[in-house]
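Below you'll find the structure, written out as structure tokens, and then a few comments.
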Amino acid sequence: MKKIIFIGLILFLISLTSEAQKEDRLVLYARIIDGDTVPVVPLKQVTIVSMKIINSKINARRYTKLVRNVKKVYPYAKLAGIKLREYEVLLLAAESDKERKQLMKQAEDELKEEYEDDLRKLTFSQGRILIKLVDRETGDSSYELVQELRGRFVAFFWQTFARIFGYDLKARYDPEGEDKEIENIVRLIESGKI
């Protein structure tokens, strides 16, 4: 009887150690290169952002203001990209030009009702940043979007109106040039650093 209990206990302990060893295993994909087996390990994406060296109080205030402005308008730019994709699907499903115009008018009314008050409260620099970020999110300048969705005449009208107040709807987003700071701030926002 003692032998049976002893053998049962040993078998139980062996099964526990084999289970523990199974949990320690790591399954990797491998690729054979020139006869060698090389493991392929998927890694999380890493975003590297160069931090700007701020050498004066004036530049520190300017950068802080830029961060605040980008944080305020970036959600609206993301929303513009999402809404544009939604409306493109609806417009492609429309059967006639009349139906497309009606859909665009309805979409414009919905957006005005929901976001007009918030957008009217934006400062001049926030508006300028929003125009750039809309280009970043959609791939088209604000002028091109208005021209595509509402027509050339309406786009020309809004561009002229914007130029009177110092905006340019044709402004393009340049993440490697003049908008490099904005791009760095957006990457920091997306990675959750700020």
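The values are calculated or read from the model by the stated rules, or taken from the named source; none is laboratory data. All values reported here derive from a predicted model rather than from experimental measurement. No Cβ is skipped: glycine too gets one built from the backbone with ideal geometry, and neighbour counts run over all protein chains shown.
Side notes on the structure shown:
Results for (1) in contact with an Asp or Glu (Cβ under 8 Å, 6 or more places away or on another chain); (2) of a type in the set (Gly, Ala, Ser), shown as yes or no for each residue.
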{"position": "Leu66", "(1), (2)": "yes, no"}
{"position": "Ala77", "(1), (2)": "yes, yes"}
{"position": "Glu88", "(1), (2)": "no, no"}
{"position": "Gln102", "(1), (2)": "no, no"}
{"position": "Ala107", "(1), (2)": "no, yes"}
{"position": "Leu111", "(1), (2)": "no, no"}
{"position": "Glu114", "(1), (2)": "no, no"}
{"position": "Arg128", "(1), (2)": "no, no"}
{"position": "Leu133", "(1), (2)": "no, no"}
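- Criterion violated by Ala93 - all others in (1) under 22 Å from the mean Cα position of the chain (by Cα); (2) without any contact (Cβ under 8 Å) to a residue 60 or more places away in the chain satisfied: (1)
- Considered as a group, the residues in region 147-158 that are among the aliphatic types (A, V, I, L, M) and at pLDDT 75 or above include one that is surrounded by the fewest Cβ atoms within 10 Å (Cβ to Cβ), and that residue is Val154.
- Meets criteria (surrounded by 14 or more Cβ atoms within 10 Å (Cβ to Cβ), of a type in the set (Gly, Ala, Ser) and in contact (Cβ under 8 Å) with a residue 24 or more places away in the chain) for Ser191: no
- Members of region 84-103 found to be assigned to a helix (DSSP H, G or I) and among the hydroxyl-bearing types (Ser, Thr, Tyr), listed by number: Tyr87
- Yes/no for Asp117 being under 16 Å from the mean Cα position of the chain (by Cα) and under 21 Å from Lys71 (Cβ atoms): no
- Among the residues of this structure, Leu84 does not count as one that is under 17 Å from the mean Cα position of the chain (by Cα), within 18 Å of Gly139 (Cα to Cα) and free of Cβ contacts under 8 Å to residues at least 60 places away in the same chain.
- Helices (runs of 4 or more DSSP H) fully within region 104-183 counting 3 or more residues that are over 17 Å from Tyr76 (Cβ atoms): 142-150, 152-164
- Residue selected from region 32-64 under the condition assigned to a helix (DSSP H, G or I) and free of Cβ contacts under 8 Å to residues at least 60 places away in the same chain, by the criterion farthest from Ser125 (Cα to Cα): Lys57
- Residues (modelled with pLDDT under 80 and under 22 Å from Lys65 (Cα atoms)) located in region 159-172: Phe165, Gly166, Tyr167, Asp168, Ala171
Per-residue answers, yes or no, for (1) at pLDDT 80 or above; (2) touching a helix residue (DSSP H, G or I) at 6+ places or on another chain (Cβ under 9 Å); (3) among the aromatic types (Phe, Trp, Tyr):
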residue	(1), (2), (3)
Ile54	no, yes, no
Arg62	yes, no, no
Lys71	yes, yes, no
Leu79	yes, yes, no
Ala94	no, yes, no
Arg100	no, yes, no
Leu103	no, yes, no
Glu114	no, no, no
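- Of the criteria (1) within 26 Å of Val70 (Cβ to Cβ); (2) surrounded by 13 or more Cβ atoms within 10 Å (Cβ to Cβ), which one Gly139 fails: (2)
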